[in-house]
Amino acid sequence: MFGRVLLVAPPSSSYLGAARPPTGLGYVAQALQDAGIEHSVVDMRTRGNLRSLQARIASFRPDLIGLSLVSYEYLRSYALIRGIKAFAPDTPIVVGGPHVSVLGRAVLEACPEIDLGIVHEGEQPLVELCRGERPLEEIPGLLFRRGGQVLAGPAPVPRLDLDAISFPRYERFDLRRYAPEILLVTSRGCPYRCIFCPNSLTAKKFRARSPGHVVDEIEYWYGRGIRQFSVDDDNFTLDKQRVYDICNEIERRGLRGLFIRCANGIRADRVDRDLLARMQEVGFKEVAFGADGGNDHVLRDIVHKGETIADIHRALQDACDLGLKVKLFIIVGHPGETMSDVEDSLALAQRYPIVWLHLNNPIPYPGTELYEWVRAHNAFVIPPEEYLNSVTEVDDTPVFETPELPWAVRKEILARSRRIERQVKRRAVERMFHRLPVVREVAGWFFASSVGQKLFFQNVPVRVVIDRIWYQKMVRG
């Protein structure tokens with residue numbers, strides 16, 4: 001039985017923009033809170049190092065330390081875990097998060113300092129582990145060590161009633177260190193099978209919170225002065241009627257002055273003009289679309305996206321016509337893509353008056369179809385253990401090549417992509433300051449430059465301040 005738990009979010013040098021409270025750790029912390037289990041939280045993305053973490057361990061004296069792991073910079077997290085174990089050798093360490101959910105036992109085998117692991121959703125398994133009322137081998141989703149082996153409990157069963165899971169209140173988090181925005185997870189799971197996405201490996205069945213439960217969370221934070229929210233779902237609009245019901249409930253409760261983003265991306269084939277307009281009426285101001293291809297061949301035959309280029313054009317046009325702030329994400333250079341396909345993607349990227357564009361370098365995550373293809377074809381130029389641990393360096397460096405697009409061609413495509421991104425950002429800023437010609441020119445150049453990006457968008461403390469000013473401006477109109 002564990003009565004004092006320290007939850008840790010490892011640092012990440014690749015974390016861009018201002019930090020928001022981490023939802024995964026927030027849900028786990030809330031589960032511990034509801035169960036009456038004492039806990040504390042250290043978010044090393046906002047500040048801190050191994051020495052300060054060791055000081056917190058010494059002062060809090062936990063009997064269990066939990067960390068959330070992602071595949072990006074996983075070796076850095078392993079090094080942190082070794083430092084924790086060296087300082088507190090008798091304190092068990094449990095890990096969860098996407099990296100563990102995809103790789104399972106291999107994580108514990110690669111890092112002997114890890115004592116326990118939780119795959120998939122962690123709220124219930126962690127509470128059961130802490131209560132100690134069941135043998136380890138009976139806790140679904142739990143990985144543990146016994147007799148020199150890594151063993152696993154029963155396969156985890158996703159909870160269908162998400163309303164039974166309390167949304168995070170972040171009572172053990174220092175909210176002053178984050179941007180003034182709350183991430184909303186209104187659904188879990190994804191029924192689609194895009195070749196690049198690891199999320200479909202960990203949560204295949206779509207499950208959604210009820211509209212009332214979602215708006216309960218918005219209203220909770222509304223009463224505490226928060227007006228900015230970002231929907232972090234993989235498929236927020238999959239059930240369009242549910243989104244209408246959420247909008248109706250926001251309106252019914254009189255929650256005015258909201259600034260809501262769909263920053264994680266929504267599917268173009270799961271929105272229409274009427275739905276976007278209704279969302280806009282109740283406070284949705286920004287939507288992002290993950291296009292991931294510029295023609296039907298790429299979307300259908302390569303990415304397995306399940307939507308058409310006509311869907312994407314229609315959704316982008318509708319969102320722009322309505323005056324929503326539109327962001328666009330496109331992965332360029334999947335296996336099988338030709339230069340003609342790339343040109344279609346780059347043309348799509350420049351067609352609409354969007355406010356933000358990212359043309360992504362395809363990164364093969366372990367367990368994905370993309371990863372398996374690259375491995376099977378021996379196409380890695382940079383090995384996974386390197387590119388997954390130096391993401392800031394490989395953002396503009398191809399990590400694999402294909403017969404259609406060899407490494408040198410991919411390198412030029414990425415360089416060209418960055419130029420197009422800067423052009424799109426510059427035009428967006430110029431539209432914002434169209435009545436101030438001098439400011440328009442200077443601001444457009446600066447915010448689209450690499451200096452502006454590093455200073456304002458890749459600097460967490462500065463971005464927190466900027467976001468506070470920006471969102472206050474947006475909320476007030």
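Just one of (1) part of a helix (DSSP H, G or I); (2) over 25 Å from Leu388 (Cα atoms); (3) not acidic (Asp, Glu) fails for Leu151. It is (1).
Scanning the stretch 196-208 for residues being crowded, with 16+ Cβ neighbours inside 10 Å and touching a Lys or Arg at 6+ places or on another chain (Cβ under 9 Å) gives a total of 4. In the set Val150, Val185, only one residue is at pLDDT 95 or above, under 25 Å from Ala208 (Cβ atoms) and in contact with a strand residue (DSSP E or B) (Cβ under 9 Å, 6 or more places away or on another chain); that residue is Val185. Would you mind stating whether Arg47 is free of Cβ contacts under 8 Å to residues at least 40 places away in the same chain, over 22 Å from Phe144 (Cα atoms) and of a type in the set (D, E, K, R)? Taking the combined requirement at face value, the residue does not satisfy it. Out of Arg193, Arg172, Arg188, one residue alone is surrounded by fewer than 21 Cβ atoms within 10 Å (Cβ to Cβ), in contact (Cβ under 8 Å) with a residue 40 or more places away in the chain and closer than 28 Å to Leu299 by Cβ. It is Arg193.
At least 1 residues being polar (S, T, N, Q), in contact with a Ser or Thr (Cβ under 9 Å, 6 or more places away or on another chain) and closer than 19 Å to Ala268 by Cα is the threshold, and among the helices (runs of 4 or more DSSP H) wholly inside the stretch 167-253 those reaching it are 199-202. Take the conditions in a loop (DSSP other than H, G, I, E, B), crowded, with 16+ Cβ neighbours inside 10 Å and either out of contact with any Pro (no Cβ under 9 Å at 6 or more places or on another chain) or among the aliphatic types (A, V, I, L, M) (or both) and apply them to Ile413. Does it pass? In short, no. Per the conditions (1) surrounded by fewer than 17 Cβ atoms within 10 Å (Cβ to Cβ); (2) of a type in the set (A, V, I, L, M); (3) in contact (Cβ under 8 Å) with a residue 24 or more places away in the chain; (4) over 28 Å from His313 (Cβ atoms), the sole criterion not satisfied by Leu388 is (1).
Within the stretch 281-303, the set of residues being touching a helix residue (DSSP H, G or I) at 6+ places or on another chain (Cβ under 9 Å) and not in a loop (DSSP other than H, G, I, E, B) comprises Glu281, Phe284, Lys285, Glu286, Val287, Phe289, Gly290, Asp296, His297, Val298, Leu299, Ile302. Apart from one condition, Gly306 fits all of (1) in a loop (DSSP other than H, G, I, E, B); (2) touching a strand residue (DSSP E or B) at 6+ places or on another chain (Cβ under 9 Å); the exception is (2). Being at positive phi and not assigned by TED's automatic domain parsing to the domain that holds Ala9 narrows it down to one residue among Gly212, Gly189; which is it? Just a single option satisfies the conditions, and that option is Gly189. Does Ala29 count as among the aliphatic types (A, V, I, L, M), in contact with a helix residue (DSSP H, G or I) (Cβ under 9 Å, 6 or more places away or on another chain) and either farther than 23 Å from Tyr178 by Cβ or in contact (Cβ under 8 Å) with a residue 12 or more places away in the chain (or both)? Answer is no for this residue. The single condition among (1) more than 23 Å from the chain's Cα centre (by Cα); (2) surrounded by fewer than 19 Cβ atoms within 10 Å (Cβ to Cβ); (3) farther than 18 Å from Arg105 by Cα; (4) not charged (D, E, K, R) that Leu151 does not satisfy is (3).
Considering the conditions (1) over 26 Å from Gly265 (Cα atoms); (2) surrounded by fewer than 19 Cβ atoms within 10 Å (Cβ to Cβ), Glu401 is excluded by exactly one of them, (2).
The condition of being at pLDDT 95 or above and farther than 21 Å from Asp292 by Cβ holds for Pro406.
I'd like to check something: does the stretch 201-211 contain any residue that is of a type outside the set (Lys, Arg), over 19 Å from the mean Cα position of the chain (by Cα) and more than 30 Å from Val399 (Cβ to Cβ)? Yes: the stretch 201-211 contains one or more residues that are of a type outside the set (Lys, Arg), over 19 Å from the mean Cα position of the chain (by Cα) and more than 30 Å from Val399 (Cβ to Cβ). Which of the residues spanning the stretch 45-57 are at pLDDT below 95 and crowded, with 16+ Cβ neighbours inside 10 Å? Once the filter is applied, which keeps residues that are at pLDDT below 95 and crowded, with 16+ Cβ neighbours inside 10 Å, the stretch 45-57 yields Arg45, Thr46, Gly48.
Please enumerate the residues belonging to the stretch 332-361 that are farther than 17 Å from Cys320 by Cβ and of a type in the set (D, E, K, R). Glu337, Asp341, Glu343, Asp344 - these are the residues of the stretch 332-361 that are farther than 17 Å from Cys320 by Cβ and of a type in the set (D, E, K, R).
The values are calculated or read from the model by the stated rules, or taken from the named source; none is laboratory data. Since the model is a prediction, treat every value here as computed from it, not as a measurement. Neighbour counts are summed over all protein chains in view; Cβ atoms, including those assigned to glycine, are modelled from backbone coordinates with ideal geometry.
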